[in-house]
Amino acid sequence: MTSLQQPSFDTVTEALQWLNQQGYTENFNLDTNCIRYNNNTQTMSPEDFKIEYLFRFEGDTDPGDEDIVYGILSEIYHIKGVLTSAFGIYADTVSAEMIRKLSTH
């Protein structure tokens, strides 16, 4: 992750708006062993991107409110974007390689 001071947010929406202002404009979608972008027509493997920012939101009473927002950069593809992913009971099914990539931060 970036060495800059990471801001703190109360909501997922605030984090997404801030990331957008920082140039993270692509919407990434999590797949089994990659992330998809460009309306799901292109993919990136875990080695093709790095996680610059990570914001974790935990619901006080509803597990459905738990979410992680990632600010992702790919220098290879010259693209910055966001990935949101539920965790815990609602976590997406992903490969071990993707879990390692997303968990290292």
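The values are calculated or read from the model by the stated rules, or taken from the named source; none is laboratory data. All values reported here derive from a predicted model rather than from experimental measurement. Cβ: placed from backbone, ideal geometry, glycine included. Neighbour counts: every protein chain shown.
Summary of values
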{"item": "Any hit, the range 69-77, residues being loosely packed, with under 14 Cβ neighbours inside 10 Å and modelled with pLDDT under 95", "result": "no"}
{"item": "Residues within the range 78-90 that are surrounded by fewer than 17 Cβ atoms within 10 Å (Cβ to Cβ) and either touching a His at 6+ places or on another chain (Cβ under 7 Å) or at pLDDT below 85 (or both), tallied", "result": "5"}
{"item": "Neighbours by Cβ (under 7 Å, 6+ apart or cross-chain): first from the range 5-17, farther than 15 Å from T84 by Cα; second at pLDDT 90 or above", "result": "Q6/Y53; P7/W18"}
{"item": "Test: Q6 is assigned to a helix (DSSP H, G or I) and loosely packed, with under 15 Cβ neighbours inside 10 Å", "result": "no"}
